[in-house]
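Chemist: Structure below; questions to follow.
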Amino acid sequence: MALIKCSECGKDISEKAANCPACGNPNPNKTVLVEQTSKKWKLTKLIGWVVALVGLYVFVLNNNNGGFSNPFTGLGFCLFFVGIVVIIVGKFGAWWTNK
Ligand SMILES: [Zn+2]
């Protein structure tokens, strides 16, 4: 386990620690990591929303045009479902990594 110097008080802290145990200053390495991870999950959720909305749009559009006998209705429904799953994965992933 590597040690880094706290930028506030100069004490050695674990690079895996969230804050300095002496002064409570947030570990700069950790903060950057959390920001990068949360951005990654935000992007995942954004992609999920886009896929779900496109899927919903395709579904609604084609549902009025032949219902499920139109293959695009099923495709839209599948896209919507995949989008929802991606959003859930994004929410769960953000929660899991920020724990
Ligand atoms: Zn400190």
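The values are calculated or read from the model by the stated rules, or taken from the named source; none is laboratory data. Note that the structure is predicted; figures quoted are calculated from it, not measured. Neighbour counts run over all protein chains shown; Cβ positions are idealised from the backbone, glycine included. For accessibility, only protein heavy atoms count, side chains too; no ligands or nucleic acids. Shrake-Rupley method; radii C 1.70, N 1.55, O 1.52, S 1.80 Å.
Chemist: I'd like the carbon and sulfur percentage of the solvent accessible area for the chain, probe radius 1.4 Å, heavy atoms only, ligands and nucleic acids excluded.
Modeler: 69
Chemist: A further question follows. With n ≥ 4 as the cut-off for DSSP H runs, can you work out [θ] at 222 nm for the chain, using -39500 (n - 2.57) per run divided by the number of residues, rounded to the nearest 500?
Modeler: Helix-only estimate at 222 nm: -23500 deg cm²/dmol.
Chemist: What is the calculated FRET efficiency for Leu56 to Leu33, with r their C-beta to C-beta distance and R₀ = 25 Å, to the nearest 0.05? Working shown, then result.
Modeler: On the way: r = 35 Å, r/R0 = 1.38.
Working from the Cβ atoms, E equals 0.10.
Chemist: Over what distance in Å are the Cα centres of the range 26-41 and the range 60-87 separated?
Modeler: 36
Chemist: I'd like the isolated cysteines in the chain, meaning no second cysteine's beta-carbon lies under 4.7 angstrom from theirs.
Modeler: Cysteines of the chain left without a disulfide-compatible partner: Cys78.
Chemist: Test of understanding: in a Gaussian network model of the chain with alpha carbons linked when under 10 Å, which of Lys11, Lys40, Lys30 would top the mean-square fluctuation ranking?
Modeler: Evaluated over the chain, the most mobile residue of the options is Lys11.
Chemist: Let me ask something else. Report the residue, chosen from Ile84, Ile47, Ile13, that carries the largest GNM mean-square fluctuation when the chain is represented by alpha-carbon nodes joined by springs under 10 Å.
Modeler: Top of the fluctuation ranking is Ile13.
Chemist: While we're on this one: For a quick size check, give me the Cα extents of the chain along its three principal axes, largest first, whole Å.
Modeler: The principal-axis extents, from largest down, are 69, 19, 16 Å.
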